[in-house]
Amino acid sequence: MKRYCFAICLLLCSSILFGEDGYRLWLRYDKIDDPTLLKEYRTAISSISFQGSSPTLDVAKKELMNGLEGLLDKKIPEQKILVDGCVVVGTLSSPFFQEYYKNDDVSIGREGFTIHTAKYRGKNITLITGADGDAGVLYGVFQFLRLLQTHQSIAKISIISVPKIQNRILDHWDNLNRTVERGYAGASIWNWHLLPGYIDKRYVDYARANASIGINGTVLTNVSANALVLTRQYLEKVAELANVFRPYGIKVYLTARFTAPIEIGGLKTADPLDPAVQNWWKQKVDEIYTYVPDFGGFLVKANSEGQPGPQTYGRTHADGANMLADALAPHKGIVMWRAFVYDVRPQKVNENFDSHKVDSTAPNIAASDRAKQAYDEFKPLDGKFRKNVLVQVKNGPIDFQPREPFSPLFGGMEHTPLVMEFQITQEYLGQATNLVFEAPLFKECLDADTYAKGKGSTVARMIDGSVEKYPTTAIAGVSNIGNERNWTGHPFGQANWYAFGRIAWDHDLSAEQIADEWLRQTFSNDPHFVASTKKIMLMSRETLVSYMTPLGLHHIMGTGHHYGPAPWVSNAGRADWNPVYYHRADSLGIGFDRTSNGSNAISQYSPEVREQWDNLNTCNEKYILWFHHVPWKFKMHSGRTLWDELCYKYYSGVDSVRWIQKTWNDLKNYVDAERFDQVKMLLAVQEKEAVWWRNACLLYFQTFSKMPIPSKYEKPDHDLEYYEALKFPYAPGNGGL
Ligand code: GCV
């Protein structure tokens, strides 16, 4: 009896310990549940042989051994001599691979890898080879484990994989007090107070997860920066994190507050042309490198949303960036200088702008276009930056909206390498309650053709150095990670972290493939489960666009916290913080006229793009209200009037959420209870929020269109006043504001 109770206790404890709480992300390494495949894998993998040792090779070995032990449910021994089924792993320069490849030219760059099967000296073996920096080996190991986790055949492998972009970086908007700006997954994972003495196991798992998808850089701190992180007290903490990440091929970067020389350096100015300021930064950078010898460099938000910058001293963004670049250059560090600027300085305004006949119902709006400012400020600086400066540009011209056209800067800066900045955290995409798979959003932007150097000059090719050869290329994603047990709050938020890494490595991967591999590793390889859930993921972004901001609408969310709809807001601190500024609904129509008759933002694009979007009849309808002020009765491609189309979109968005809910419910038997219930509850919240967005927006826009919501649709269950009165004083994500 005693023994029986003990066994039950053990069973309970192990299920508590290893419950599917999401902590293991996509690196679960559970036993292969297909007996035939398990047998095949066990035959093909009998032992491993690591050629050499280094901190990176050692973590690669540990990962491979742990992974194989879990997946194959048996310990795989190390072997010194070559036997059938041996997995031989090492860098190209190791004696084994030198001899194996002899004079072959293996082009895998600095971080690439190859995996292939071969018959060598009479033995059937698998070879995983990386470039000499070692990280390639680690990436190869993770790819090999991915093949097993996604149930691929490993009988004949022939893979060469080289990242298309050099620096693949997560940007944390984490503050030193552990709040996370636009973070919805708990507190910051960096426990600054306990560092440097206490190394949370999560730091290692963070590094493993990033390395598994090829992320090789992390900006630890918020772009709205705190100079304290540059003090010795904090640099000691930063150094410890860098030590944890180094074996995983991950470099640490920091955000530089422009006025740090004043705030922590005791200087009277932060003017970038002042020699004392330049010297201060030089010494500060030298000091940082004594703590972190492979420090990556700085990310800077300057003269934007209250952050100080060179313009504060009458200097340009180039003056500011170059000063930091000069300090970093001797150490091979880089500056990522953000183009997300919309300062209060007066802007050039097209005389015709706002001249469309607005009537008295039109809200009072400023005659400017925030969508133009980044280009207007940075285009004249093209070619004026040092070689180690990259300008970091958000994917769209405004601010990570559910849908934006690509930023015109991607086609406009011929002489300056650009960093693509995506937002993984779902500030405007339902935060941590909505299931939204972002790969389609990333791909839509990267695959868009800028025509800057003729057809095929896609955004991806403009940043990856294939159109212009740049010494450095980079892509960044604003992290959605927090200290919640499952890292991202919503279990499907993990897919966006995963998708960012995979796309940063290879922007030619399809959203479908990424969803497929993430699902297989994170949940199950069951074909029915994978097919159904993949469908959910692939439709989820378009679904959200439909119930939030269809047809090119944008920036109509709640003020400050950005939670929920608030298209009626017209009293925010600046004109361009107001939703009414962006949708411009009046009795004649709705949408922001950015054509040549309007703000002329369209002029910032290449002629081929301009031609398409400038004309109301040829403009892709997904951007129509981004570029045009469209009459309510305008006939859309569907044959519906604009107003009816808007109703159709909002209603179909809600219908799709309901379809997703139903599809998920039918998958109960395929998913562990914990994550099934979590997602089910969150989908119920999402459905409510979708209905809220739909009703609030349609009721508000109806006050201008004066047209009925077609009777076939369910009626909004509240009136507009009800929605306008809703308040959310403690909505999350506002940390740092
Ligand atoms: C870090 C948006 C967000 C801000 C963020 C800013 C930026 O405006 O709402 O929270 O600040 O973008 O990217 O700098």
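The values are calculated or read from the model by the stated rules, or taken from the named source; none is laboratory data. Just so it is clear, the model here is predicted, and its values are computed rather than measured. Methodologically, a virtual Cβ is constructed for each residue, glycine included, from the backbone with ideal geometry; neighbour enumeration extends over all protein chains shown.
Summary table below
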| read-out | value |
| --- | --- |
| Qualifying residues in region 24-37 (those that are out of contact with any Leu (no Cβ under 7 Å at 6 or more places or on another chain) and of a type in the set (A, V, I, L, M)) - the one nearest to residue 494 (Cα to Cα) | 25 |
| Unique residue being away from the ligand (no atom under 16 Å from the Cβ), within 28 Å of the chain's Cα centre (by Cα) and at pLDDT 95 or above when the list is 133, 140 | 140 |
| Strands (runs of 3 or more DSSP E) completely within region 67-174 that count 1 or more residues being surrounded by fewer than 20 Cβ atoms within 10 Å (Cβ to Cβ) and either in contact with a helix residue (DSSP H, G or I) (Cβ under 6 Å, 6 or more places away or on another chain) or among the polar types (S, T, N, Q) (or both) | 113-120, 123-130, 158-161 |
| Residue 645 being part of a helix (DSSP H, G or I), without any contact (Cβ under 8 Å) to a residue 60 or more places away in the chain and either farther than 30 Å from residue 488 by Cβ or under 25 Å from the mean Cα position of the chain (by Cα) (or both) | no |
| Sole residue being at pLDDT below 95, acidic (Asp, Glu) and either out of contact with any Pro (no Cβ under 7 Å at 6 or more places or on another chain) or under 22 Å from residue 628 (Cα atoms) (or both), chosen from 404, 438, 414 | 414 |
| Tally of residues being surrounded by 22 or more Cβ atoms within 10 Å (Cβ to Cβ), within 19 Å of the chain's Cα centre (by Cα), within 16 Å of the ligand (Cβ to nearest atom) and in a loop (DSSP other than H, G, I, E, B) across region 182-233 | 9 |
| Residue count for region 76-92, restricted to those that are within 8 Å of residue 126 (Cα to Cα) and not small (Gly, Ala, Ser) | 3 |
| Selection within region 392-436 - assigned to a helix (DSSP H, G or I) and in contact with a strand residue (DSSP E or B) (Cβ under 9 Å, 6 or more places away or on another chain) | 409, 410, 411 |
| Residue list for region 385-397, filter: of a type in the set (Val, Ile, Thr) and either away from the ligand (no atom under 16 Å from the Cβ) or touching a His at 6+ places or on another chain (Cβ under 6 Å) (or both) | 389 |
| Residue check for residue 572: assigned to a loop (DSSP other than H, G, I, E, B), free of Cβ contacts under 8 Å to residues at least 60 places away in the same chain and closer than 25 Å to residue 421 by Cβ | yes |
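Rundown of residues vs (1) among the basic types (Lys, Arg); (2) in contact with a Lys or Arg (Cβ under 9 Å, 6 or more places away or on another chain), yes/no style:
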| residue | (1), (2) |
| --- | --- |
| 541 | yes, yes |
| 545 | no, yes |
| 551 | no, yes |
| 564 | no, no |
| 582 | no, yes |
